[in-house]
Each structure stands twice: as structure tokens, then as C-alpha cells.
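The values are calculated or read from the model by the stated rules, or taken from the named source; none is laboratory data. The model shown is predicted, which means the values in this text are computed figures rather than measured ones. Glycine gets a Cβ as well: all are built from the backbone with ideal geometry, and neighbour counts include every protein chain shown. The accessibility values were calculated without ligands, DNA or RNA, using every heavy atom of the protein model including side chains. Shrake-Rupley method; radii C 1.70, N 1.55, O 1.52, S 1.80 Å.
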Amino acid sequence: MRVLVTGVTGFVGSHMAEFLADRRGVETHGVCRRESDTQHIQPFQKKIRLSFCDLTDKKSVTTLFKKVKPHRVVHLAAQSSASASWDKPYETVRTNILSELNLFEAAREGSIQARVLVAGSSEEYGYPESGEIPIRESAMLRPLNPYAVSKIAQDYLAYAYCRGIGLKTIRARAFNHTGPRQGATLAVSSFARQTALIEAKKQKPVIETGNLNIVRDYTDVRDVVRAYWLLLEKGTAGDVYNVASGKGRRLEDIIRFFYDESAVKFSVHRQSKRLRSSEPPVIIGNAIKLRKRTGWKPLVPFETTLKDILNYWRQPIAS
Ligand code: A2R
């Protein structure tokens, strides 16, 4: 079975490809751009087949589909940052919607009967009302940024192509996920990186943070890619599934973990520019639908995730 992973050089894509690379009966194909940094996939790059393609270019996507003829597609490529989407709203909306549309049209034109997993986001729910937590798939969508709107568009395009022309799409809405290889623009990775920098005496012993009082639902990226695979295998086409641990973690407690884990001591400085007024205080997901359909549950303990992220940053910073 040929499985095509878009965004393969990214955080989640690299874990998806690593998960698939050793699966029996799976031929893993990855898509990236010519200019993409392949560092994340280097340890297992020999086990996957790489194609270059800018997904916003329709012709290239059609050619890619003719070449690979995938049985499964894990569509992860995106402008993936909600906060950056205010700096680049046009790029975010264009990249995220057009890339998916090109994939769907390439599948349609080539009569390719692939099952396609589309990576949506809890950002689609935006600011939930207190009675909606833990958030179910039926909750109202109240997007707060261009990224969230682009993900809703991706989500509904997937629905339309399934209901309208029978393309086997499965829509996932992943809540916060983290792990090694995540960029340091996101809170947990940023705290871990700063801890490693302080340990190596490359940063003064102060960690810069945003609002530490917020609660988020974190799942290890390795559990998330397993959920995506199970959904591709067992999910109902056209349906939407939350991917979440169902547990809330206060950012303050995460920073405390790094403090306790590290030999060096540091203080915390809350930067006012990092405090976002539209930030919901609590986001927790309900993933019962996913669990019932696939049997999925998170396997990686949160402490292991945090230790792995810290070690991921420690190695290059110390050398
Ligand atoms: O920017 P690059 O060249 O490193 O590639 C990124 C890729 N990508 C594209 N690939 C082909 N054609 C494009 N026009 C294009 N634009 C972006 O998507 C990168 O390899 C990947 C995104 O990786 P990350 O930014 O690390 O995102 P992450 O956290 O892996 O998120 C995966 C998915 C996204 O759909 C998020 O919106 C969702 O999970 O949460």
C-alpha cells in the first residue's frame, strides 16, 4: 500500500513518516518543497521516497498523483501557525485551502480512490463557552484568526468532496500536540529550549513566557500520528474526529516540570506582548468518538513527552 504524507519535513509529518517507515506492507512517500529543510527526516530518509512539489501548484500536484497513485494520503502540509497567520493572512488562507483543493482535484481527475486524512485543528472551535468543555465535534466553530478559518475551510472542503463526489476523506481536529522536533515558537517547545539554553549558559536564567495561567489539552505527537493512521484505517469517510487527551494542563505546571527536571535554577518573566487578549483560558477536547471508532488512546505519558522535548533541545545546544 502506497501512503503519501504531505508536509513530511515538518514536525508532525516527520513523525508520521517515521511511524509508517517500519510498517509492513506500507510504501511511504513524502512530499516537500525543493527548498524544505530535510533535517527532521534525515535519520530515516532512506526508508521513504521523497517527491518535490509545491502543493499550491496544481500541475505539480497532478503530476505527483499520477506518479505515486497513493492508496492513502495524510495531508499535513500547511502554514501551520495560528499566531503567524496574522502576519501572513493571505499566505495562510491561500496555502491551506489551495493545497487541499489541488490534492482533491488531482485525485478526482486521476480517478484515484485514496482515503485522505485531513489535519484540522482545535483552533476551529476558537473560544468555547464554559458549558462546552470538554469540546465535542458538535460544538460551534468560532474561529479567532485567519489560520482557524483556513482550517475550517479545509475541514468543510473535505466534507464536500466526500458527500459530493465520494472522495474518502476523514477529518481530524487535533488539539495541542507536542514532542521532539516541534518549533520553539510554541509554548512547551519554547520553555524546553530556553531551559536547555540556560543549562548551557547561553541564556541568562530567565524564561520568557506568555500567559501561564491557561489550560490546554496536550497529546504527544507520536500518539497523534497513530490516531491519524487508525482514522485512515477505521474512520468513517466524511466524518470528523477530535484527537485529544481529554486532560487539561496548566502552562505554569509545565514550566514547573522543566524547573524541577533541570539542575539549573531560573526565574520566569511574563512578556506583555506575548499575552493574547483573545486567548481562551481553558481548551480541553473530548475524543470519545475517536476512541469508540478506532480504540485509540494516548500511550505516551506526559512526563515522557516533556523529558523527550527537553533532551531534544539539550543535544544541539550543548554541543
Ligand atoms: O515550509 P516547508 O517547505 O518546510 O514545508 C512545510 C509544508 N508546506 C508545504 N509543502 C508543500 N507545498 C506548500 N505550498 C507548503 N506549505 C507548507 O508543510 C512543512 O514541511 C509542513 C508544515 O510543517 P509544520 O509547520 O511543522 O506543521 P506541523 O506542526 O507539522 O503541522 C502539521 C499539520 C498542519 O496542517 C497543521 O495546520 C495541523 O497539523 O495542526
Practice task
Tell me what the chain gives for mean residue ellipticity at 222 nm when only DSSP H runs of n ≥ 4 count, each as -39,500 (n - 2.57), the sum divided by the residue total, rounded to 500 deg cm²/dmol.
Solution key: -12500 deg cm²/dmol
Exercise for the section: Pairs to check: LYS59/LYS88; LYS88/LYS289; LYS151/LYS292; LYS66/LYS292; LYS59/LYS297; LYS151/LYS265. Give those whose C-alpha atoms are more than 32 Å from each other in this structure. Expected result: LYS88/LYS289; LYS66/LYS292; LYS59/LYS297; LYS151/LYS265
Problem - Share of Cα-Cα pairs in the chain lying beyond 35 Å, as whole percent - result: 18 percent
Practice task
Provide the solvent-accessible area of ARG249, counting protein heavy atoms only and rolling a 1.4 Å probe, rounded to the nearest 10 Å².
Solution key: 60 Å²
Exercise for the section: Starting with the highest mean, order 170-182, 97-109, 290-302, 255-267 by the number of other Cβ atoms within 10 Å, averaged over the residues of each peptide. Expected result: 170-182, 97-109, 290-302, 255-267
Exercise for the section: Could you calculate the FRET efficiency of GLU35 with ALA318 from 1/(1 + (r/R0)^6), where r is the beta carbon distance between them and R0 is 45 Å, rounded to 0.05? Expected result: 0.95
Exercise for the section: With just the Cα atoms of the range 1-97, tell me how far they stretch along each of the three principal axes, in Å, largest first. Expected result: 42, 28, 21
Problem - Point-charge dipole on Cβ atoms (K/R +1, D/E -1) for the range 55-117, about Cα centre, debye to 20 - result: 360 debye
Handout entry: Space enclosed by the convex hull of the alpha-carbon atoms of the range 142-215, per residue, Å³
Key = 131 Å³
Practice task
Name the residue farthest towards the positive end of the dipole of the chain from the options THR294, LEU98, PHE257, assuming +1 on Cβ of Lys and Arg, -1 on Cβ of Asp and Glu, about the Cα centre.
Solution key: THR294
Exercise for the section: Looking at the chain, send over the antiparallel percent of its DSSP beta bridges, to the nearest 5. Expected result: 5 percent
Problem - Lys, Arg +1 and Asp, Glu -1 on Cβ, resulting dipole of the range 1-83 about Cα centre, debye, nearest 20 - result: 480 debye
Completion exercise
Largest fluctuation, LEU231, LEU64, LEU117 only, Gaussian network model of the chain with Cα springs under 10 angstrom, belongs to LEU64
Fill in the blank from the handout: Out of SER278, SER80, ILE214 - ranked by how far each Cα lies towards the positive end of the dipole of the chain, with unit charges on the beta-carbon of charged residues - the top one is SER80
Exercise for the section: Assign unit charges at the C-beta atoms only (+1 for Lys and Arg, -1 for Asp and Glu), then state the dipole size of the chain relative to its Cα centre in Debye, rounded to the nearest 20. Expected result: 660 debye
Problem - Principal-axis tilt of helix 251-261 within the chain, Cα atoms, nearest 10 degrees - result: 70 degrees
Handout entry: Percent accessible area from carbon and sulfur atoms, the chain, protein chains only, probe 1.4 Å
Key = 50 percent
Practice task
Would you kindly state how much longer the chain becomes between ARG23 and HIS269 on full extension, computed as 0.36 nm times their sequence separation minus their alpha carbon distance, in nm to one decimal?
Solution key: 84.1 nm
Handout entry: GNM result for the chain, Cα springs below 10 Å: residue of ALA17, ALA77, ALA153 fluctuating most strongly
Key = ALA153
